[in-house]
Each structure stands twice: as structure tokens, then as C-alpha cells.
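The values are calculated or read from the model by the stated rules, or taken from the named source; none is laboratory data. Predicted model only: the values in this text are computed from it and were never measured. So basically every Cβ, Gly included, is an ideal-geometry build from the backbone, and we count neighbours across all protein chains shown. We work out accessible area using only protein heavy atoms, side chains counted, and drop any ligands, DNA or RNA first. Shrake-Rupley method; radii C 1.70, N 1.55, O 1.52, S 1.80 Å.
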Amino acid sequence: MGGSDDGYLDASTCAGCHQQIHDTYQHTGMARSFYRPRPELMVEDFAQANTYHHKPSESHYTMIARNGEYFQRRHQLDSSGNETNVVEQKIDFVIGSGNHARSYLHLDGHGKLTQMPLGWYSENGGYWAMSPGYDQPRHKEFGREISFDCMACHNSYPEMAPGKDHAGRDPRYPGRLAEGIDCQRCHGPGRAHVEAVGRGASEAEIRDAIVNPAGLSVDRQVELCMQCHLETTSRRLPYALLRAGRGAFSFRPGEPLADYILHFRHAPGQGPEDHFEIAHAAYRLRKSACFEQTQGLPAGQALTCTSCHDPHDIPRGEEAVRRYVDVCNGCHQPALAGLVAAGKHTNSANCLDCHMPKRRTDDVVHVVMTDHYIQRRKPARDLLAPIRETTDTPETAYHGEVMPYYPPRLDGPQDELYLALAQVNQESNLRAGIPRLERAIEKHRPESGEFYFQLAEAYWKSGETGKSLPLYEQAIERAPNHQAALRNFALALSSDGQDVRAIEVLERALAVEPDDAKALNNLGEVYLQQNSPQRALETLRKAIRIDPNLPEAHSNLASALSRMGEPAGAIAAAREAIRIQPDYEAAHNNLANLLAAAGQIDEAAEHYQQALRLNPNHAEAHHNFAGLLADQQKFGEAESHLHEALRLSPGLAGAHNNLGNLLARRGALEEALQHFRAAVRADENLAEARFNLGTALGFQNHHQEAAEQFTVALRLNPQYQEARLNLGFALAAQGDLAGARRQFEQVAREGDERLREAAGHALRQIDTP
């Protein structure tokens, strides 16, 4: 298999010369880390104990075996108890050996690999529960993409064109995927080795053509394991950053790990205390005195991963305990015998139970593993007790300095770039990190576009769009194929009102990757903002053909169809967005708007309420629900929702305007005026707010200012005949009867029946002495 470089081959070739090692290795967890589902590999019950109800998201899951294939199905129940939001996907790959856990993956026709919500855990004989990160009321459902760094540790390198695994590229796997971590992850690409054997090369040449980890230095040996087992935390930090120019699948055994990736940690004394995670083996081992005190010793004397673990043959049960205890005794037996004789140590033959106890992992809460932190005393609490899954929110995530971990110091020529980048990459230290990264870029002028992209992202996340735009541009100049930079640059341009440039940038993104459904969805959204629903429709349908499971594209398609005068199609598209992602609050809000317009009031109210249950801070949903409530004459509730909408989004012009109307209706004219003025400040082109402000001013006999507002409303919408009628009244009140007559006469010609009648009455009033 090949990553960004070639030299890899099908690892089954190795069995020809190394049959015994090959056979024992097949039973290790690494060899069984990734595979296509086959009956002989599946220990889970897909027939009887095959359902699971996830109460936080009110989702029901069923695992299905059908005609030799495997599927995962999800449904919810509506208020009548009928199934709704049904999704069924084929399981194309299993990730995880099953020693502790398994998750299930689906591969679409464009190489996108996504994780499924329900997983399987081996504890207590095996059971179904949510996959890691899914045990929350809201999660990614079937849409969580398998990233390059996930694949890089759970499998051998995939077949991939050069450059496709670099920063900014979407994780796609269009070529052949290996099944399991193979020999080449530790021994390096094997083709040259096999070819040397094939041409009858000398034994020395054959050996030199492959990496033998036993011949590496202690540090390089340990780094073979640390490439995957050194995760300092799976929570937001970041824990590691790739070196510029390195692909995710470019690490080669024998090279310094820091030439490929840099690892980071929380500041000392900060972050979670005694946190224990599923990928913590090397990180926890490195905290141990046994490890620290043997570093610098020759191979064979220093404590490394292979001091205990033979990667080719992992023992189980009592055999494993005996092997590991023998390693402990190799150093500690004399001292231990003295302590036992003195009554200062138990006579137990198992060191592991106290000094390397099994613990429940904090990030994968259904898994129990050995803690590789060798401690003098076992923590005084129940290490196997059930725990609840927690995920970071902006409020609970770590906010502080991000420190180097491995290597422990970053003092290379450009390493201050990476340390500054670590501060902003996942927003741990955003405020302090932005100026640090800016100074580092100014000083070093890096060639890699990733530094400029990350600084642009940091400014964007901080709400400084203007500062982000030139940085996105610089990122793309240096990395023209950086899909994330192209898409996000376009989003920033669009939010800045530069829709034409946004379209140009998205077209560049699609030239790089024509099957980029996200870019097509973004392009469709910009066309909607430009009021080009037909172009939006065509673009969004193309996005959906490429990725039918992209909920945003279906929701935007609903908006396009609505503007094209196809309400039934629009409602169906919005329902499809919700079927795919039931907790997509924007789609619930969109569907509620469409249902309300179609007169389906009760269901519309249900979807507004669902949008607000999912996100109580959804200002637009509060605003729109208020409109529905007002139409039902539930004015008090409507006012309440409008006040909440404005608390969340003080610049929401429509909410100010509608709240002004409700206040005026109940006689609170002064307060209504304040909201009409706020609406006009927020959107000077909102003709309805101009009309309402003018009307309120007229009631207060401010006729000149009222006339000014009606005039602006008519400039914005020349067909606004009600504004023209009121302008006539304002002019008449100021004594400009000729001007008033002109306005009334035009309304009498062009207005509807009600307005024509009012204009005729006004003209008769003018003509009456």
C-alpha cells in the first residue's frame, strides 16, 4: 500500500519468507484493527440482541445481517409512535480488533469514509452502545468523516495519489484500502526488500533494503510505537501537529518522529487531572519512574514498549501476566524479596494489579484497559466504576497555554511557528496565540500555506473577517490545492458582501476537486444570497448527487425550491435534511417556515419548538416562531420570543420591526418607535420598517419625518402602494395638497381595491372646501 510515496506492497507477500511471524501476527490487535466484515470475524449478535435505544437523542438503532452483508439502521418515533427519520447504511469496514471495541464504517462512491453511531464493546461478554463521542443528545449521526490521522493509526497506509494526504485536503480514500496494520508500518516500505530477494541479491543487500527496528536506536524504536500511542489528550488542545509539507501517511520507520509530527500538552498543573485515555499507553508509560530512569541506557537495558510487548505475538490471559511480571522481576526481584521479608510488601505474584491496574478510559467510557503509568500506589478509588462521556464545549474546553511535549523543547529554526500555531489551532489560547503567530509569520515568512490559513481561521473565529481575507489569499497563493482554505475564504468573502469574488473562489475549489460536495453546497448558498435560485438549484442538486447524505445541501435545496415556487418540493427537501440529521436545528427552522407558508400551522409550530429545544439560542427560530404565534393572535408569547431573539441577536432587523408592530398594537407607541428606529439602523433597506416607522411618527404628528420615511420606503419598493397612500396623508397634514393629490391619484390607479377606495376618499376630502 502507498501513502504520498510509493515503495509499499501487499503485505501478504511477507508470508512467503516469514510464515511463522506472519501467522502469529494475525492474532494481534494491530493486525485486526481494520477489515471488511465477514462472518468468521463477527462475534457480535446481529440477529437477536441487535437493538439499542439511545435516549439522549431519542434514536433507535438496529444491527442487521442480510445476505452475507451487514447494515446499521436508525429510526426515531413521531408523536403518534410511527417510525420517522429512518437511515440504513451498509457496513463496509469494521475499525477495532474487538479486544476492547469495534466501530463500523461506510464507504461511499467518492471515497468518503464515515463512522456509524452505534458501536460494540467486549466488556461483560459484549454489548452495543454508542461509538466514542456519540453518547450525547446531539452528535454527527452517520456523517462523521474518518480523518487522515484516524486512518493513519488504525490501519496501514491507503493507496493514494501524491499530495492527497496533505493539510487542507478532504479525507478521501478512492484507492485500495488495506485490512489491518501490516508489517510495513514498523519495517517501512517492503517493495525494495522483496525485489532484492527476487533478483538474488546478497543477504546484506536484502537486509539493508528493509528497516529492522532492532537495529535502530532506543529513541527510534520507541517512536515506532509513539507514532500512534502518544496522544496526550483526545480533547481539544491540539495534541499534535504535522510538520509543514508532510502528508498524513508519510512517516517512515527510522526517521525522527519530530521530523514528521510535533506533540503538545496542557500547561503544567492545568488540564484534566490524572486523565486516562484509550491511546495513552506511551504517554502514560513516559510518566513512569521506571521509564525515566532507564533512558539513556543501551538497547536491552532501557525500558521500552518492546521490553514487555512482542509486536509479532501478543500473549493473552495468564501467559501475558507471567511474561509482564517476569519483566518487572528482572529489575525489582532482589529489592522486592527484601520488602516481602520485612512485611512491607504483599506476597502477591502479580505486580500489575497494583502498579499497572486496569482502568476505565475517560474518552471511551465503555472500555477498560491497562494503565501504563507504573505507579508506586494504586489510586484510591474504583477505577472500573461506570463514568459518563463528556465532550468539550466552548465553555468547558481548555483555555490556556499549549506547551510542547515531544520533543520537550522546540528550538529549531522555525519551531516558534509551530508553537504559535498550536495556540490557535483548536482555540485553546486564541487571544494570545494570534499575535504570536502573526509575529512568527512576519519573522520567518514560511513557504507553507498552512500557517497563513490557520491565522486566517483564527481571525475568522475571532470575528475579524477583514483581517482574515488577505491571509486566506496568501494561504491559497502558497497552497493552490488547499480545499479548506478555498472554501473558507469563499465563506468569509460572502459574509463580507463580496459574493462575486466568493463565486470565483468556489469555482477554483471545484477546479481542484470537481467532486467537492461541500464547495458545491457553499456555491449554491451564495447563489441563493444573490437571488439566483435557478443556478442554486442546479448546483445543489449536483452536490446531492455526489453526496446524498449532506444535510446542508438538502436544506439549501429546500430554500431554492421555495423561491422557484415549488413548495411541495421544498418541504420534501427540508424533511430529507432532517431525516439525515434529526438534530439539525436550521433545517427544522427552515421546514417550519415552509409549513407555515403552506398553512400547516400545527406541524410548523412543532418544528419551531424542536429547533429551539435543540438550540435555545437560535435567534432566527425565535423570530420566525413569533411570527406564527402573532398570526394565531398569541401576542404575549410572540413578544416573548421576539425579546429573546433580540437578546441573542441585537441587530436582527426583522425582529425589531415585528416587535415594534406588537408594541404599537397594544399602545406602547414610544417603545415601538425605538424598535422601528433600531430596525432601520440594522437594515436601512428594509422597506417595511421604514413604512412602520413613518406610520408611528405620523401618529405622533411628526409628519415631515414620517414623509421622509415613506419616501425612502417607496424608493426601495416603488410598488409599495400603502406607503404611497400614507405619504399622501403626511403631505396633506403639512399643507402640501398638490403633492398629496399626486400620491392619492397614483394609488387610485395602481392600488388594490381597499387602497383605491381609501385613496378615492382622500381625494374627495381634498376637493371638499
**Fill in**
By residue number, the members of segment 1-34 that are open to solvent by less than 60 Å² (accessible area, probe 1.4 Å) and part of a loop (DSSP other than H, G, I, E, B) are Met1, Gly2, Gly3, Ser4, Gly7, Tyr8, Leu9, Thr28, Gly29, Ala31, Ser33
**Qualifying residues in segment 494-519 (those that are of a type in the set (Gly, Ala, Ser) and free of Cβ contacts under 8 Å to residues at least 24 places away in the same chain) - the one most open to solvent (accessible area, probe 1.4 Å)** = Ala511
**Request:** Determine the pairs where a residue that is closer than 22 Å to Gly271 by Cβ and open to solvent by less than 40 Å² (accessible area, probe 1.4 Å), located within segment 411-429, has a partner that is of a type in the set (D, E, K, R) and part of a loop (DSSP other than H, G, I, E, B) with Cβ atoms under 6 Å apart, the partner being 6 or more residues away or on another chain.
**Result:** Asn429/Glu401
**Prompt:** Which residues, taken from segment 187-205, are surrounded by fewer than 20 Cβ atoms within 10 Å (Cβ to Cβ) and either touching a residue at least 24 places away in the same chain (Cβ under 8 Å) or not in a loop (DSSP other than H, G, I, E, B) (or both)?
**Reply:** His187, Arg191, Ala192, Val194, Glu195, Ala196, Val197, Gly198, Glu203, Ala204, Glu205
**Item:** Candidates Asp274, Asp259, Asp208, filtered to the one that is at positive phi and open to solvent by 50 Å² or more (accessible area, probe 1.4 Å)
**Value:** Asp274
**Asked** Does Asn593 qualify as being touching a Phe, Trp or Tyr at 6+ places or on another chain (Cβ under 8 Å) and not in a loop (DSSP other than H, G, I, E, B)?
**Response** no
**Asked** Among the residues of segment 602-629, how many are farther than 19 Å from Ser640 by Cα and touching a Leu at 6+ places or on another chain (Cβ under 7 Å)?
**Response** 1
**Request:** Scan (1) under 19 Å from the mean Cα position of the chain (by Cα); (2) open to solvent by less than 70 Å² (accessible area, probe 1.4 Å); (3) at pLDDT 95 or above for the single condition Trp460 breaks and write down its number.
**Result:** (2)
**Message:** Test of understanding: among Glu585, Glu538, which residue is among the acidic types (Asp, Glu), open to solvent by 30 Å² or more (accessible area, probe 1.4 Å) and under 24 Å from Gly109 (Cβ atoms)?
**Reply:** Glu538
**Request:** Being over 35 Å from the mean Cα position of the chain (by Cα) and among the charged types (D, E, K, R) is the filter here, so list the residues in segment 277-317 that pass it.
**Result:** Glu292, Asp310, Asp313, Arg316
**Message:** Given the condition within 28 Å of Cys153 (Cα to Cα) and either touching a Gly at 6+ places or on another chain (Cβ under 8 Å) or loosely packed, with under 13 Cβ neighbours inside 10 Å (or both), answer yes or no: does some residue in segment 46-65 qualify?
**Reply:** no
**Message:** Would you confirm whether or not segment 213-229 contains a residue that is among the aliphatic types (A, V, I, L, M), farther than 26 Å from Cys305 by Cα, buried (at least 22 other Cβ atoms within 10 Å of the Cβ) and in contact (Cβ under 8 Å) with a residue 40 or more places away in the chain?
**Reply:** no
**Prompt:** Take the residues of segment 138-156 that are in a loop (DSSP other than H, G, I, E, B) and charged (D, E, K, R): which is surrounded by the most Cβ atoms within 10 Å (Cβ to Cβ)?
**Reply:** Glu141
**Prompt:** Within segment 167-177, can one find any residue that is at positive phi and free of Cβ contacts under 8 Å to residues at least 12 places away in the same chain?
**Reply:** no
**Message:** Condition check: out of contact with any Gly (no Cβ under 8 Å at 6 or more places or on another chain), loosely packed, with under 14 Cβ neighbours inside 10 Å and closer than 20 Å to Ser555 by Cα. Does Asn617 satisfy that?
**Reply:** yes
**Item:** Lone qualifier among Gly163, Gly180 - being within 32 Å of the chain's Cα centre (by Cα), buried (at least 16 other Cβ atoms within 10 Å of the Cβ), more than 30 Å from Glu292 (Cβ to Cβ) and not aliphatic (A, V, I, L, M)
**Value:** Gly180
**Fill in**
Residues of segment 301-318 being open to solvent by 40 Å² or more (accessible area, probe 1.4 Å) and either of a type outside the set (Asp, Glu) or out of contact with any Ser or Thr (no Cβ under 8 Å at 6 or more places or on another chain) (or both), in sequence order, are Gln301, Thr306, Ser307, His309, Asp310, Pro311, His312, Ile314, Arg316, Gly317, Glu318
**Request:** Among the residues of segment 599-656, write down those that are of a type in the set (Ser, Thr, Tyr), assigned to a helix (DSSP H, G or I), closer than 24 Å to Val680 by Cβ and within 28 Å of the chain's Cα centre (by Cα).
**Result:** none
**Message:** Return the pair list, or none, for Cβ contacts closer than 7 Å from residues in segment 317-344 that are in contact (Cβ under 8 Å) with a residue 24 or more places away in the chain to residues that are open to solvent by 50 Å² or more (accessible area, probe 1.4 Å), at least 6 apart or on different chains.
**Reply:** Val325/Ala349
